[in-house]
Amino acid sequence: MRSLCHRRVWLPGALAIAGIALLGYHAGGRARRPGGRNLTAEQCAALYDREVRPLLASRCVRCHGSKRRAGGLRVDSIAAMREGGDSGPAIVPRNIEQSPLLSRVAEHDMPRGAPPLTRQETILLARWVHNGALGNDPEIKPAAEHWAFQPPRALTVPSIHDDEVYNPIDAFIARARARAGLTRHNPPAGRSLLLRRVAIDLTGLPPTADDYRHFLADRSADAYEKAVESLLASPRYAERWARHCMDVWRYSSHDGRKAPKQITYGSEHIWRWRDYLIRALLADAGLDRIIIDMLAGDEASPGDVHALAATGYLARSFNLLDRNLWLTNTVDHAGRAFLGLSLGCARCHDHKFDTISQREYYQFRAFFEPHEIVTDDAHRLAHARDGESQLTYVLSGGNPRLPNKHLTIEPGVPKALGVIEPPKRIDLPEDGERTSSGRRLALARWLVADDNPLTARVIVNHVWQRHFGRGLVETTDEFGVRGKPPSHPELLDWLAVHFRASGWSLKWLHRLIVTSATYRMSSSTRDMADARRADPDNRWHWRYTPRRMEAEAVRDGVLHLAGALDTAVGGPDETTELAESSLRRSLYLRASRVDRVAFLDIFDAPRVDECYRRTESIVPQQALALMNSTFAWRNAERIALSLPDSAWERIATKALPAERAASRGRASGVVRSRAEPDGVFLLILGRAGTDDELESCGEFLREQARLLCAAGASDPARRARIYLVHALLNHNDFVTVR
């Protein structure tokens with residue numbers, strides 16, 4: 001909609017006559033209405049509430065509201081319309097000739113790019129103005145008062161009388177569930193499925209037969225908690241959650257193979273940053289320290305090689321040929337990753353939704369302006385440091401060719417988010433008596449300060465999303481006005497406050513989440529028809545939501561069950577040419593814009609440009625990859641050959657007639673439960689096979705062995721087992737976390 005300030009000429013007399021004729025006013029100036037009388041004050045106010053305000057909200061507020069004020073004008077309140085915009089008041093009560101809003105809609109000049117208001121709608125507006133433009137304005141909160149811009153609150157945990165409230169998470173969830181009218185929720189999941197769920201969530205790998213055997217044999221009250229601690233202490237945990245961090249922080253293998261010294265989007269040594277993350281997460285270094293090291297390790301810990309390696313986060317965005325693009329990517333994704341805000345929307349003009357001005361965008365950019373990327377081949381490092389002094393200007397329309405050099409921009413943060421300590425220059429004696437601006441260190445410390453309203457919330461939300469499939473704030477990289485509000489705002493605030501109090505400990509947060517009753521619930525929908533109807537998307541957590549495993553977990557899980565996974569930690573990325581035969585975890589395989597591993601891509605591997613939330617597709621290629629690939633067949637054979645004969649006993653006996661099976665079981669002394677630790681089903685699917693499944697598998701083994709024998713195959717029984725394992729790897733339950 002074109003704003004009122006864009007009118008070229010306004011001729012009051014002519015417009016008044018045209019307006020009177022069009023809007024249906026008679027010579028006396030009285031608004032036509034049933035009975036021909038003017039409205040009382042109460043009637044005028046009621047007309048505004050009932051018809052005028054909804055009309056303005058649906059047709060005009062898109063361009064003239066709190067999110068966007070074209071021409072400086074808002075029409076979402078009477079006070080704002082009377083105050084007007086750049087061209088003065090939009091309405092003058094009881095004077096339609098002096099109310100530009102009416103003339104614009106009468107001439108079909110507004111709303112721009114949309115159908116004009118109807119004759120009845122324009123008469124409605126004129127009638128309201130003519131009778132005094134009265135009404136009750138709703139309370140309008142400035143965008144700066146948006147929930148995400150307020151500090152998280154240290155709330156009291158609700159008092160809930162429920163035997164299945166294990167920790168504060170459950171109390172908040174139970175209260176929200178009750179408020180939504182949900183009176184029932186699922187019971188806990190079976191022990192074997194729960195172990196598989198938490199093992200995959202924390203380490204990205206399913207349990208082995210030994211893991212199941214040990215856990216199912218432990219009947220102590222804290223058996224599950226002990227299993228959680230063991231998983232958190234494993235290097236596999238650090239690798240798993242480093243991969244999640246690499247998603248959000250945009251890890252990319254170096255993308256400059258033709259000219260390694262002229263790196264673009266990464267470096268041949270960028271893997272050192274990945275290894276820093278693994279090491280830090282295993283040691284449970286606070287996320288606040290990790291953020292400081294990534295943004296300003298060279299300033300926070302001069303001479304510390306590990307801290308320098310962390311600044312690979314900045315090296316990842318380096319672009320030799322276009323510094324403006326390099327800094328644009330750095331600023332935009334720092335805003336989304338650490339603040340959950342689309343700062344990039346203010347690069348060309350004031351943000352249309354959040355209270356972030358164009359100038360504030362360039363103030364944020366000024367923190368990064370001086371830095372450069374240095375490649376140190378001797379230490380195999382690509383790291384950040386401050387170079388020569390660089391000035392920051394506002395770019396007109398975001399165009400790097402149009403800087404406003406009349407005003408130099410100093411570093412700062414959006415006013416809506418608080419204040420920041422001014423940067424202080426830092427001496428770097430370890431680097432030849434150099435100094436650094438201290439800008440990035442000031443920014444990093446502000447990001448993790450207690451009075452920053454966003455960073456802790458954003459991190460907590462990312463972790464929740466990866467455990468439950470959906471964040472408490474569903475728009476994980478958009479906490480601003482355009483984003484969705486949190487489903488459980490009190491829980492989000494409580495977690496953010498206590499996460500900071502824990503020392504920004506990621507392990508503390510994992511431990512709290514996975515030991516909650518909310519996390520431990522069954523994923524079944526059986527006997528929960530009322531809940532399914534009331535909350536089909538499981539927004540209120542009446543069950544655990546199943547989800548497809550990520551690409552890396554599928555590939556690594558197959559190798560792990562086959563006993564073939566290389567458990568060496570760290571080191572350079574392996575090339576995509578070796579991916580098919582490589583036994584390394586997937587996070588060690590090269591991934592850039594031009595280097596992709598086909599198997600991982602089929603299962604929705606993250607894109608290196610951005611991946612704040614993984615996609616989850618279901619396509620035929622996924623089934624074909626597990627059905628036909630050499631990788632799947634090779635590891636099915638490894639799994640089948642690694643299983644002892646006892647693992648096949650239940651399938652074999654189930655395939656026999658009942659009397660023979662019973663006698664064979666008595667003769668061998670074999671007595672097994674449905675969740676036998678070394679069972680084929682339990683190992684691959686995390687559960688015991690049903691009677692029907694076991695019977696079908698027994699028949700399959702027997703028939704395949706007969707056919708293979710007839711074909712002259714050697715060891716037909718062994719090959720039949722390989723075929724069955726391969727079939728189970730293609731089962732939906734294998735690629736699903738339940």
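What does the charge count near Leu381 come to, summing +1 for each Lys or Arg and -1 for each Asp or Glu among other residues with Cβ under 12 Å from its Cβ? Spelling it out: positives minus negatives among the neighbours equals -3. Given a 1.4 Å probe and the protein chains as shown, Glu490 ends up with an accessible area of around 50 Å². Each Cα pair of segment 559-652 feeds into the Kirkwood radius, which the Stokes-Einstein equation turns, at 20 °C and 1.002 mPa s, into a diffusion coefficient of 140 µm²/s.
Computed over protein heavy atoms with a 1.4 angstrom probe, the accessible surface ordering of Ser502, Ser592, largest first, is Ser502, Ser592. A simple rule links phi to the HN-Hα coupling: the Karplus curve 6.51 cos²θ - 1.76 cosθ + 1.60 with θ = phi - 60°, which for segment 152-158 gives x, 9, 7, 7, 7, 5, x Hz, with x for Gly and Pro.
Dipole magnitude for segment 387-450: computed about the Cα centre from +1 point charges on Lys and Arg Cβ and -1 point charges on Asp and Glu Cβ, it is near 360 debye.
When only Cα pairs below 8 angstrom with a gap of at least 6 residues are kept, the chain shows a relative contact order of 13 percent.
If you rank Thr575, Thr736 by how much accessible surface each has, with a 1.4 Å probe, what is the order from largest down? Don't jump to the answer; show the numbers that get you there.
Numbers: Thr575 50, Thr736 15 Å².
Result, largest first: Thr575, Thr736.
In the distance distribution for segment 108-210, Cα-Cα pairs more than 23 Å apart total 68 percent.
Report the gain in length on full extension from Arg68 to Arg119: 0.36 nm times residue separation, minus Cα-Cα distance, nm rounded to one decimal.
On the way: separation 51, 0.36 × 51 = 18.36 nm, distance 2.66 nm.
Contour length minus Cα-Cα distance gives 15.7 nm.
Can you pull out the trypsin sites (Lys or Arg not before Pro) in segment 493-566 whose DSSP state is coil and whose Cβ has at most 12 other Cβ atoms within 10 Å? Present the calculation step by step, with values, prior to reporting the outcome.
Details: sites: Arg500, Lys507, Arg511, Arg520, Arg526, Arg532, Arg533, Arg539, Arg543, Arg547, Arg548, Arg555; in loops: Arg526, Arg539, Arg543.
Sites meeting the loop and neighbour criteria: Arg526.
Is the shape of segment 312-456 best called rounded, prolate or oblate, per the rule: a/c under 1.5 gives rounded, else a/b larger than b/c gives prolate, else oblate, with a ≥ b ≥ c the square roots of the Cα gyration tensor eigenvalues? Don't skip to the answer; put the middle values down first.
Values: a/c = 1.63, a/b = 1.33, b/c = 1.22.
Prolate shape, in that a/c is at least 1.5 and a/b is the bigger ratio.
Would you mind telling me the share, in percent, of accessible area of segment 329-384 contributed by carbon and sulfur at probe 1.4 angstrom? Walk me through the intermediate numbers first.
Values: 780 of 1690 Å².
The C+S portion of the solvent-accessible surface of segment 329-384 is 46 percent.
In this view, the solvent-accessible surface of Lys226, computed with a 1.4 Å probe and all protein chains in place, comes to about 100 Å². Helices in the chain, meaning DSSP H runs of at least 4 residues, each add -39500 (n - 2.57). Divided by all residues, the mean residue ellipticity at 222 nm is -12500 deg cm²/dmol.
Its alpha carbons give the chain an Rg and a Dmax of 32.1, 110 Å. Surface analysis of segment 275-372 yields an accessible area of 28 Å² per residue, using protein heavy atoms and a 1.4 Å probe. By the rule of a C-alpha distance below 18 Å, with chain neighbours fewer than 8 residues away ignored, the aspartates and glutamates paired with Lys424 are Asp293, Asp298, Glu299, Glu369, Asp386, Glu388, Glu410, Glu433. Count Lys and Arg as plus one, Asp and Glu as minus one, and take only other residues whose Cβ is under 11 Å from that of Arg323; the net charge is then -3. Here segment 437-561 is treated as a sphere whose radius is the Kirkwood value from Cα pairs; by Stokes-Einstein at 25 °C and 0.890 mPa s it diffuses with a coefficient of 147 µm²/s. For the pair Glu410 and Ser642 in one chain, pulling the backbone fully straight at 0.36 nm per residue adds 77.1 nm over the alpha carbon distance.
Once the chain from Leu325 to Val305 is taken as fully extended at 0.36 nm per residue, the excess over their C-alpha distance is 4.4 nm.
Could you list the trypsin sites (Lys or Arg not before Pro) in segment 281-325 that lie in coil according to DSSP, counting only those with at most 12 other Cβ atoms within 10 Å of their Cβ? Each step should come with its number before you reach the end.
Details: sites: Arg289, Arg316, Arg323; in loops: Arg316.
Hits after loop and neighbour filter: nothing returned.
Let me check against my output: what whole-number percent is the relative contact order of segment 130-245, with C-alpha pairs under 8 Å and at least 6 apart? Provide the component values of the computation, followed by the final result.
On the way: 54 pairs, mean separation 20.3, N = 116.
Computed value for segment 130-245: 18 percent relative contact order.
For Ile292, the accessible surface of its heavy atoms amounts to roughly 20 Å² (probe 1.4 Å, protein chains only, rounded to the nearest 10).
In 5 Å bins starting at zero, report the fraction of Cα pairs in segment 491-576 per bin as a rounded %. Result returned by the calculation: 3, 10, 12, 13, 14, 16, 14, 11, 5, 2, 0.
The values are calculated or read from the model by the stated rules, or taken from the named source; none is laboratory data. Keep in mind that this is a model prediction, so the values were computed, not measured. Backbone-built Cβ (ideal geometry, glycine too); neighbour counts: all protein chains shown. All accessible areas refer to the heavy atoms of the entire protein, side chains included, with ligands and DNA or RNA removed. Shrake-Rupley method; radii C 1.70, N 1.55, O 1.52, S 1.80 Å.
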